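Peer 1: Attaching a single structure in structure tokens format; questions to follow.
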Amino acid sequence: TVTCRGERFRLYLDEVTIARRIREMGEQIAADYEGLGPPILVGVLNGAFIFTADLLRAIPGDCEVDFYKLSSYGEKKVSSGAITEQKAVSADLSGRHVIVVEDIVDTGLSMKYVLDQIAARGPASLRAATLLRKPDAAKVEVEVDYVGFDIDNLFVIGYGLDYGQLARNLPAVYILDDEGGAGV
Ligand code: PRP
Ligand code: MN
Ligand code: MG
């Protein structure tokens, strides 16, 4: 159990479980892009920086990385729905095989926003990867090609995911202790 901003959280996905799943995802991506040319992973800052770094290292083959920055949650536990772009992707994505990488697809608004923005830049192909997805929280339909774990509609922190900018440094994923959910 950990405490963040005065609230208690309990372990939901441990480091070994996360690492094992990311290894599988990396191998799947390498197999899918074999012969196509190196994909470019576009991590969505801030939350996805840790997952992006680990997924990148789980891909046994050439790949590139860049980052896109947006924010929607602010200091709250639920999405405000108002997305602001804070940093565009530096790399030229036209003609590239792009994989957008998120830590979590909650309402889906952030992932959809990024996919729409990048689609307009003429990539050769465009896919999406996320460590976590909350199917019960979806507000928009967004196809995610690589999903680490489908989880309950609970507030989660750690492994890049924050609560008021804290808890990103926790090496595993934790959930609010007063909520249900048995882990996955
Ligand atoms: C969080 C998370 C995803 C997004 C998911 O980012 O990292 O990017 O919300 O929520 P959604 O599917 O409802 O859009 P946040 O806006 O909190 O910014 P951060 O990554 O800097 O924490
Ligand atoms: Mn984010
Ligand atoms: Mg956040």
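Derivation of every value follows stated rules applied to the coordinates shown; laboratory data play no part. Everything numeric in this text was worked out from a predicted model, so none of it was measured. Cβ atoms come from the backbone with ideal geometry, glycine included; neighbour counts cover every protein chain shown.
Peer 1: Looking at M25, Q117, A82, which one has the Cα that reaches farthest to the positive end of the dipole of the range 2-176 (charges on Cβ: Lys, Arg +1; Asp, Glu -1)?
Peer 2: A82
Peer 1: If you don't mind, another one. Taking every DSSP beta bridge that has both residues in the chain, what percent is antiparallel when rounded to the nearest 5? The partial results should precede the final answer.
Peer 2: Details: 14 of 36 bridges.
Just about 40 percent of them are antiparallel.
Peer 1: Just to confirm the number: angle between the C-alpha axis of helix 15-33 and the first principal axis of the chain, 0 to 90 degrees, nearest 10?
Peer 2: 20 degrees
Peer 1: Rg and Dmax in Å for the range 1-156, alpha carbons only: what are they?
Peer 2: Considering the range 1-156 through its Cα atoms, Rg and Dmax are 15.5, 50 Å.
Peer 1: Please give the charge dipole size of the chain, origin at the Cα centre, charges +1 on K and R Cβ atoms and -1 on D and E Cβ atoms. Round to the nearest 20 debye. Walk me through the intermediate numbers first.
Peer 2: Numbers: 19 positive and 28 negative charges, 77 e Å.
The dipole of the chain has a size of about 380 debye.
Peer 1: Quick check on packing: order 132-143, 88-99 by the mean number of other C-beta atoms within 10 Å, highest mean leading. Provide the component values of the computation, followed by the final result.
Peer 2: Working: 132-143: 15.2, 88-99: 17.2.
With the highest mean Cβ count within 10 Å placed first, the list reads 88-99, 132-143.
Peer 1: When DSSP beta bridges are limited to those with both residues in the range 1-110, what percentage is antiparallel, rounded to the nearest 5?
Peer 2: Values: 6 of 16 bridges.
Antiparallel bridges: around 40 percent, rounded to the nearest 5.
Peer 1: Follow-up question, since we're still on this one. Would you be so kind as to identify which of P135, P39, G158 lies farthest towards the positive end of the dipole of the range 2-176, taking Lys and Arg as +1 and Asp and Glu as -1 on Cβ and the Cα centre as origin?
Peer 2: With unit charges placed on the Cβ atoms, the residue in question is G158.
Peer 1: Now for a different question. If Lys and Arg each add +1 and Asp and Glu each add -1, what is the summed charge of the other residues whose beta carbon sits under 15 Å from the beta carbon of A120?
Peer 2: Numbers: positive: R96, K112, R121; negative: E85, D92, D116.
Local charge sum for A120: 0.
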